[in-house]
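The values are calculated or read from the model by the stated rules, or taken from the named source; none is laboratory data. Fair warning: this is a prediction, and the values are worked out from it, not measured in the lab. Here the Cβ positions follow ideal geometry from the backbone for every residue, glycine too, while neighbour counts run over all protein chains shown.
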Amino acid sequence: MKFDIKKRNTPVATLIKNYINKKSGKVAESREEIQRRFDHLDWKDQKKIMQAFLESGKTDRLWAYSKLVDNWDKSFEPRIKELWEQLHEDKCSWVVTRHFPTKYLSQNIDKFTDDRDYYFICLRLAEDKNYIIDRSKLSVTDYLSVLYHTDRPLSDDEARDLLYKTVHDVCTEDSYYTQLSRYATVGKDAIISPILFQSVNLAVYYLRQMDLIDVVRQFETWNEGVQRTVFSSSEYKTVLTADLLEYDLREAKAKIAKKYAYLALDDKYKETENFNVDSILTPHEWFKENKIREGIKRPSKPEFPEPADPTALKELIAENPAVKKLVGDLGLDINDDTLPF
């Protein structure tokens, strides 16, 4: 009896050499093995690998950037600076915003164009209490995150305004999918309330962390009022008696929560002009285009395709000895009335 012999690991120096030598014929297999082993290698080997990958094609550079985020060394700064200024690749920006000197970030801040670049730069620059945060470039939750992580103060009034603005934005957003907190349940009798909207839940989290307890308690009381209104609403009662798929049930409940959360907002937070609150319950255009509707009923019985014509299989058996042998080995009786189709 023969036993398979386990393949021995190729020395990492050989793998790097084969990867760098594009004529070795072993670039692809060396790349795969290097990436598989990378996290368990010594730093000196990891450093050589990242240097080699930075000099390669885009896919390999992107992989190197992702490793440099958590394996940074200042010796990489000149090459990363050169690559970022030439190519402005998103993953390269991650490395720059996390590890480059704040002076460089401040001088080049307008060159970072990705949606969340400013957030990561702001986390660095806002550690200097003299730095003025550009609120317009941050979402509410990103703004709260920056304040929390850089230990900046926030008044009760501003915290309250930001929290209800978040509720307003969720209720009026033109989105085909409602982002909910991981704490939200979608069972038949469960109620979705404003505090379970993902961005609202995150805002409440940061306010708690910043010890703005009175604001949080007031909001929780308001949220309970909305929850009671949702529970007694005609829409919620209709949903409870409808035979909905789980996804449709979740979205229907989220839309009901949005409607009554919006109605419960103080007028000063209803910023959207001429907003029709009943439009919240209307299926999004994306669902219409894809013929998805709230209230889709489960089919009363499974739908099966029409039986296939057995002629094609018989012809295949006649022409292909391998298929004929397989049918015989399986003991199938190939007659019009017995084909399993």
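Only one of the listed residues (Y143, Y118) is aromatic (F, W, Y) and within 15 Å of Y206 (Cβ to Cβ). That residue is Y143.
Residue-level analysis places E32 among those that are of a type in the set (D, E), without any contact (Cβ under 8 Å) to a residue 12 or more places away in the chain, out of contact with any Pro (no Cβ under 6 Å at 6 or more places or on another chain) and over 30 Å from D134 (Cα atoms).
The set of residues in the range 108-133 that are over 19 Å from L87 (Cα atoms) and either hydroxyl-bearing (S, T, Y) or exposed (fewer than 13 other Cβ atoms within 10 Å of the Cβ) (or both) comprises Y119, D128, K129, N130, Y131, I132. Candidates V215, V167: the one that is of a type in the set (V, I, T), over 24 Å from the mean Cα position of the chain (by Cα), assigned by TED's automatic domain parsing to the domain that holds L281 and under 18 Å from T141 (Cβ atoms) is V215.
Going through (1) outside the structural domain of Y269 (by TED's automatic domain parsing); (2) of a type in the set (F, W, Y); (3) within 20 Å of the chain's Cα centre (by Cα) one by one, Y143 falls short only on (1). Exactly one residue among W84, W94, W72 is modelled with pLDDT under 95, within 30 Å of E127 (Cβ to Cβ), of a type in the set (A, V, I, L, M, F, W, C) and under 30 Å from the mean Cα position of the chain (by Cα), and that residue is W94.
The set of residues from the range 178-203 being more than 14 Å from A252 (Cα to Cα) and touching an Asp or Glu at 6+ places or on another chain (Cβ under 8 Å) comprises I195, S199.
When L249, L202, L265 are checked against the criterion of being within 26 Å of the chain's Cα centre (by Cα), within 15 Å of L162 (Cα to Cα) and in contact (Cβ under 8 Å) with a residue 60 or more places away in the chain, a single residue qualifies: L202. Any chance the range 202-215 includes a residue that's among the β-branched types (V, I, T), buried (at least 20 other Cβ atoms within 10 Å of the Cβ), touching a helix residue (DSSP H, G or I) at 6+ places or on another chain (Cβ under 6 Å) and not in a helix (DSSP H, G or I)? Among the residues of the range 202-215, not one is among the β-branched types (V, I, T), buried (at least 20 other Cβ atoms within 10 Å of the Cβ), touching a helix residue (DSSP H, G or I) at 6+ places or on another chain (Cβ under 6 Å) and not in a helix (DSSP H, G or I), which makes the answer no. Candidates are the residues of the range 227-255 that are β-branched (V, I, T) and within 19 Å of G187 (Cβ to Cβ); the one that is surrounded by the fewest Cβ atoms within 10 Å (Cβ to Cβ) is T241.
What do you reckon, is S56 surrounded by 11 or more Cβ atoms within 10 Å (Cβ to Cβ) and in contact with a helix residue (DSSP H, G or I) (Cβ under 6 Å, 6 or more places away or on another chain)? So S56 does not fit the description; no. Take S193 and decide whether it is touching a helix residue (DSSP H, G or I) at 6+ places or on another chain (Cβ under 7 Å) and assigned by TED's automatic domain parsing to the domain that holds L244. Judged against the criteria, S193 is a match.
Let me confirm something: among D157, D128, D110, which residue is free of Cβ contacts under 8 Å to residues at least 24 places away in the same chain and either among the basic types (K, R) or under 28 Å from K74 (Cα atoms) (or both)? After ruling out the rest, the residue left standing is D110.
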